[in-house]
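The structure under discussion appears below in the form of structure tokens.
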Amino acid sequence: MSDAKPRVLDVGQCDLDHSNITRMLKECFDATVDRARDNAQVDHLLDFYEYDLILVNRIFDADASSGQDLISRLKSGDAATETPVMLVSNYEDAQDTALLSGAVKGFGKSALGTEETIKLLSLYLSGK
């Protein structure tokens, strides 16, 4: 993208986790963070905005939808996006499945704000 702030779509998080993720992204990267609670909101926002990164919760808080299914949908078929998609989950097996579906390496909520996570996110959000 351009010299504008990085823009992140955060999908499926509960209020507390969304707040914590947003705070970290704003403090570390001066990012604009949009929120989608479900698949319909994801589709709507993707119609209007381009994102530098899409963060996806393993299981959506609002309706228990599968984040893995969203990743598969976003990374395959006619709707495939070039935007990096990252799973937010502490479970290594879930991270492995996401990678096989086309996601980039993600992080767990327990690692939120750590140097390792910030370094990982900087691959997609620094220098925007």
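Read-outs throughout are calculated quantities, based only on the coordinates presented, and are distinct from any laboratory measurement. Remember, predicted model here, so these are calculated numbers, not experimental data. Glycine gets a Cβ as well: all are built from the backbone with ideal geometry, and neighbour counts include every protein chain shown.
Against the condition in contact with a Gly (Cβ under 7 Å, 6 or more places away or on another chain), closer than 27 Å to ASP30 by Cα and free of Cβ contacts under 8 Å to residues at least 60 places away in the same chain, how does GLY102 come out, does it pass? So GLY102 fails the test.
With buried (at least 18 other Cβ atoms within 10 Å of the Cβ), farther than 21 Å from SER19 by Cβ and among the hydroxyl-bearing types (Ser, Thr, Tyr) as the only criterion, which of SER76, SER65, SER72 stands out? Among SER76, SER65, SER72, only SER72 is buried (at least 18 other Cβ atoms within 10 Å of the Cβ), farther than 21 Å from SER19 by Cβ and among the hydroxyl-bearing types (Ser, Thr, Tyr).
Scan the range 118-128 for residues that are without any contact (Cβ under 8 Å) to a residue 40 or more places away in the chain and part of a helix (DSSP H, G or I) and jot them down. Those that are without any contact (Cβ under 8 Å) to a residue 40 or more places away in the chain and part of a helix (DSSP H, G or I): LYS119, LEU120, LEU123. If you filter the range 99-112 down to residues that are loosely packed, with under 13 Cβ neighbours inside 10 Å and over 12 Å from the mean Cα position of the chain (by Cα), you find that the one that is farthest from PRO6 (Cα to Cα) is LEU100. Filter the range 67-98 for residues that are assigned to a loop (DSSP other than H, G, I, E, B) and in contact (Cβ under 8 Å) with a residue 24 or more places away in the chain; which is nearest to TYR51 (Cα to Cα)? So the residue we want is THR83. Based on this model, can you work out whether THR22 counts as in contact with a strand residue (DSSP E or B) (Cβ under 6 Å, 6 or more places away or on another chain), in a helix (DSSP H, G or I) and among the β-branched types (Val, Ile, Thr)? The answer is yes for THR22. Listed conditions (1) closer than 18 Å to TYR124 by Cα; (2) assigned to a loop (DSSP other than H, G, I, E, B); (3) of a type in the set (S, T, N, Q) are all met by GLN13, apart from (1). I'd like to verify a number: residues in the range 26-66 that are part of a loop (DSSP other than H, G, I, E, B), hydrophobic (A, V, I, L, M, F, W, C) and touching a strand residue (DSSP E or B) at 6+ places or on another chain (Cβ under 8 Å), how many? So the answer is 2.
Scanning the range 99-116 for residues that are within 10 Å of VAL88 (Cβ to Cβ) and in a helix (DSSP H, G or I) yields LYS109, ALA111.
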